[in-house]
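The values are calculated or read from the model by the stated rules, or taken from the named source; none is laboratory data. A quick note: this is a predicted structure, and the numbers were derived from the prediction, not measured. Here the Cβ positions follow ideal geometry from the backbone for every residue, glycine too, while neighbour counts run over all protein chains shown.
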Amino acid sequence: MALAKHLACILSLALISASISFGAPKASYRVKATFGERLQDSALRLIADEMVIEGKHGESFAFKFDDITVISYSFSKSPRIGASLGVSLLCIPCAIGVAFSKKRAHWLTVGAEDQGAVSMQLHKNLWHQIAREVDTRAPRAALEMVSEDGVVSQTVKPEAQREAAGLLVVESDPAGADVYIDGNFNGLTPRRKAVQPGEYQIRVAKAGSGEFTETVDVGIGETVEIDALLLP
């Protein structure tokens, strides 16, 4: 009987530990963040009133949640080359299937006016939790998420605009440039932005690579694509 009670106690402590480890939001996460042209291992900390991203080489970003105006989730896919090479040693047909599959990288871009933006590559098991946590704490921004078929959806907040009916797709060469819509900073390229129908002035700029400006008109249900070539 004593042994059974002892085992039950150990099991209950294990369950409590697991719920703390996996259920509650964490204060710090390991991510990869872009600092200029470099993607490096970084630490993301969500504290009382701000989020802080610290690179391993000493670079850092700090955004007050009240100042954040852009929260955008997207993903990219790349072939699973390394995995296919390993599987090929065991099963050639399996390796062919793995080679044609794609590995998904999850990206979250967070920005604030007059402060710029940072893009983070997040772990597949953490991106949703981090994106929602930042979205919950940032009252001025609505989390934008790009689906598999390119549809942009937004969380609804009192400060956010009503459901949009058009889409702006802004890309640049080189990528990672600042995007301004009607003079307001709106993230980094490649950028997909749901907007209301109307006319918009788009400016794309990157230090050392020049800038690009274009005025576009977005119709109801229309997707307008902008490809900015930034010359030094």
In region 180-191, what count of residues is obtained for those that are assigned to a strand (DSSP E or B) and modelled with pLDDT under 90?
6
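Determine if region 194-207 includes at least one residue that is in the same structural domain as P174 (by TED's automatic domain parsing), of a type outside the set (F, W, Y), assigned to a strand (DSSP E or B) and out of contact with any strand residue (DSSP E or B) (no Cβ under 6 Å at 6 or more places or on another chain). Let's see the steps before the verdict.
Pass one, region 194-207, residues in the same structural domain as P174 (by TED's automatic domain parsing): 194-207.
Imposing the further condition that a residue be of a type outside the set (F, W, Y) reduces the set to 194-199, 201-207.
Adding the requirement that they be assigned to a strand (DSSP E or B) leaves 194-195, 198-199, 201-205.
Add one more test, that the residue is out of contact with any strand residue (DSSP E or B) (no Cβ under 6 Å at 6 or more places or on another chain), and what stays is 198.
Scanning region 194-207 turns up at least one residue that is in the same structural domain as P174 (by TED's automatic domain parsing), of a type outside the set (F, W, Y), assigned to a strand (DSSP E or B) and out of contact with any strand residue (DSSP E or B) (no Cβ under 6 Å at 6 or more places or on another chain).
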Pick from A207, A175: which is surrounded by fewer than 18 Cβ atoms within 10 Å (Cβ to Cβ), of a type in the set (A, V, I, L, M, F, W, C) and free of Cβ contacts under 8 Å to residues at least 12 places away in the same chain?
A207
Take the conditions basic (K, R), modelled with pLDDT under 90, under 21 Å from W107 (Cα atoms) and surrounded by fewer than 18 Cβ atoms within 10 Å (Cβ to Cβ) and apply them to R140. Does it pass?
yes
Can you pull out the residues in region 100-141 that are assigned to a strand (DSSP E or B) and either over 24 Å from A48 (Cβ atoms) or hydroxyl-bearing (S, T, Y) (or both)?
K102, K103, R104, A105, H106, W107, T109, S119, Q121
